[in-house]
Amino acid sequence: MNFEALLAARLQPALAATAGTPVDPAVRRSPHADYQSGAALPLARTSAKAPNGKGGKGPRDIAADVIAKADFVGLATAEVSGPGFINLTVQDDVIAAAVRELAGDERLGVAPVAKPQRVLVDYSAPNAAKELTVGHLRSTVIGDAAVRVLEWLGHDVMRANHLGDWGTSFGMIIEYAIRFGQEHDVYRAARIAFDTDDEFRESARRRVVLLQAGDPETRAVWRRLLDRTKTDFLAAYERLGVTLTAADFAGESAYQDQLDSVVAELDDKGLLVASDGALCVFPAGFRGRDGGPLPLIVRKSDGGYGYATTDLAALRHRTTELRADRLLYVVGAPQSTHFAMVFAVAQDAGWLPGTVRAEHVAFGSILGEDGRMFRSRSGDSVKLAEVLDEAVARAAVRNGDPAIAAAVGVGAIKYADLSGDRRGNYVFDWDRMLAQIGNTGPYLQYAYARIQSILHRAGDFAPGVVIGEPAERALALELCAFEPVITGVAESLDLHRLAGYLYSLAASFSTFYEHCPVLKAAAGVRESRLTLCLATGRTLGKGLDLLGIQTPQRLGSGS
RNA sequence: GCGCUCGUAGCUCAGCGGAUAGAGCAACGGACUUCUAAUCCGUCGGUCGCAGGUUCGAAUCCUGCCGGGCGCGCCA
């Protein structure tokens, strides 16, 4: 259901007739009515300037004209308000019918897209030499929610987990593993050796060369280390409720045999410039510290390849071989310049035609309560597993069932990540994210659980909606707003708008719950309220599912 | 220095050119013979960083400052 679109469609002919030209109906939700249109306001100026129209009409007169010409029959009522707004009030019976339909519709009034796109979502992408840390949380959680939303809308979504499995850090851990016969959890130790021991550092560098040259022993160790971390990652994804699978791993190593060809193709197109021994592309519009052109280095002076080349190879593969229509890179904001340059070079090289959208879905950092980068007391980055453990332990205080505690704890962390504008930084705060009131995971899960409890007790009933109490009306109207939110999020990838909507829906439900007894209501009213519960439960359930958050049937210690 | 980004209530944040800028937390005051009170209702709290500009209308768009974060040639 999309009342905004329906109302706009009714308004459009009247506005066009009044203005003599098509006008944006500008229909929005409003605190003064269900919806409002501000379209008459700018029209007043045009009218006043009309050649012979002495004085012209004021915005209120114009709004009245539009209302007189518009046909709202069977949908809404309209009235002029304030300086010239058109307040629109949807008829109760229309809202009721819409909710009735929603309650019985698996898709909750959201139709699959008419033209599915092939969307490739590049997310999570941890360095396979290390453990997962909170640093990987945002890309993983945001990317997976984006995948879920796009997929549910009917798009052909391809997940890509661009694992760091080839760089210097792998040289370090392979060298360390071979020397000390230890193959698990060696990154920290290897890093220390690399930073403090010149001889080790040299060996690690040689090890990268051996790896890239295909040395059998090196490759064997590499393969074992990689398999081990992949297994660990998959376990973490499972625990997080992230849909990435083994089939989605597409690490840097996968593009190694394409790097020469990337450089060759850039050369063919005359984009390559030798500079200080390196091969570079200088896309237009990028300036460096000294004001000079900023290079994207595609081959280092030592002949090796860096991440820029790998990113270009991956992009080319995704548009030419995988035929993606839209590329999403869910990567931290600090890399925005890098991606802008990669996209610019890819365009120049013809790998990114105008028909394909490439977007850097950037996000900010997770901060500690001191406002600085979130780290453990020892200054290390915090392991993801430890964060999840603590969240679950905290949730377990109120939830005896381990499965429910896990759903609440993990859900709280994910929701905290998704409920704010992804571009901004956010402060990691246990108490806030696990609070049972406010815009939190637990609050939404609680609302969902209460609904399930009612529905369970109610048993079968004949759906139908009659709007009575203000709380019923407010809830019903909120339910009808799901569709525009979802379609908007698929476009903007602002998951926090979905989160905000769900919070607002849950809050409307809580008010309804307080003011409108369901099970004890009179016949007729009872069925209507149960239908509202059903529609709300389904919407909350689907919305949270799209965010990747579980919805237990029951919360608490039981009974 | 250049670029990107952020600056909204004491705190954490919404606010996608429209009316009197909204939530939660905190503070204070109410509501449990009632479907989970893990909730709800109310009160208090704001020169939307500053100054200009565009507009009938600006927290929102533009410009310039101030302040924080990040980035700026062989790490990813």
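The values are calculated or read from the model by the stated rules, or taken from the named source; none is laboratory data. Here the structure is a predicted model, which is why all the values come from computation and not from measurement. Methodologically, a virtual Cβ is constructed for each residue, glycine included, from the backbone with ideal geometry; neighbour enumeration extends over all protein chains shown. The accessibility values were calculated without ligands, DNA or RNA, using every heavy atom of the protein model including side chains. Shrake-Rupley method; radii C 1.70, N 1.55, O 1.52, S 1.80 Å.
Quick check, is A:Ile451 in the same structural domain as A:Ala396 (by TED's automatic domain parsing), open to solvent by less than 50 Å² (accessible area, probe 1.4 Å) and more than 12 Å from RNA strand B (Cβ to nearest atom)? No: the conditions fail for A:Ile451. Selection of the stretch A:384-403 for residues being open to solvent by 20 Å² or more (accessible area, probe 1.4 Å) and either free of Cβ contacts under 8 Å to residues at least 60 places away in the same chain or touching a Pro at 6+ places or on another chain (Cβ under 9 Å) (or both) yields A:Glu386, A:Asp389, A:Glu390, A:Val392, A:Ala393, A:Arg394, A:Ala396, A:Val397, A:Arg398, A:Asp401, A:Pro402, A:Ala403.
Would you check if A:Ala9 is of a type in the set (A, V, I, L, M), without any contact (Cβ under 8 Å) to a residue 40 or more places away in the chain and open to solvent by 50 Å² or more (accessible area, probe 1.4 Å)? Yes: the conditions hold for A:Ala9. Look at (1) more than 10 Å from RNA strand B (Cβ to nearest atom); (2) modelled with pLDDT of 90 or more; (3) not small (Gly, Ala, Ser) and you find that A:Gln36 fails only one, number (1). Please pick out the residue among A:Leu315, A:Leu279 that is within 28 Å of A:Tyr237 (Cβ to Cβ) and either assigned to a loop (DSSP other than H, G, I, E, B) or touching a strand residue (DSSP E or B) at 6+ places or on another chain (Cβ under 9 Å) (or both). Within the list A:Leu315, A:Leu279, the selection yields A:Leu315. Comparison of A:Ser301, A:Ser381, A:Ser336 shows that the only residue that is within 27 Å of A:Gly143 (Cα to Cα), out of contact with any Lys or Arg (no Cβ under 7 Å at 6 or more places or on another chain), touching a residue at least 24 places away in the same chain (Cβ under 8 Å) and surrounded by fewer than 20 Cβ atoms within 10 Å (Cβ to Cβ) is A:Ser336. When A:Ala213, A:Ala193, A:Ala204 are checked against the criterion of being open to solvent by 30 Å² or more (accessible area, probe 1.4 Å) and of a type in the set (A, V, I, L, M, F, W, C), A:Ala213 stands alone in meeting it. Filtered by the rule that a residue be farther than 13 Å from A:Ala490 by Cα and part of a loop (DSSP other than H, G, I, E, B), the stretch A:112-123 gives A:Ala114, A:Lys115, A:Tyr123. Among the residues of the stretch A:283-310, the ones that are within 8 Å of RNA strand B (Cβ to nearest atom) and within 17 Å of A:Val263 (Cα to Cα) come to 12 in all. Step by step: first the residues of the stretch A:415-432, then only those that are farther than 11 Å from A:Gly368 by Cβ and of a type in the set (D, E, K, R), then the one that is nearest to RNA strand B (Cβ to nearest atom). Which residue is that? Looking at the filtered set, the residue picked out is A:Asp421. With respect to the conditions (1) under 24 Å from A:Gly303 (Cα atoms); (2) assigned to a helix (DSSP H, G or I); (3) within 31 Å of the chain's Cα centre (by Cα), A:Arg239 falls short on a single one, namely (1). Just one of the listed residues (A:Ala177, A:Ala97, A:Ala128) is within 29 Å of the chain's Cα centre (by Cα) and aliphatic (A, V, I, L, M), namely A:Ala128.
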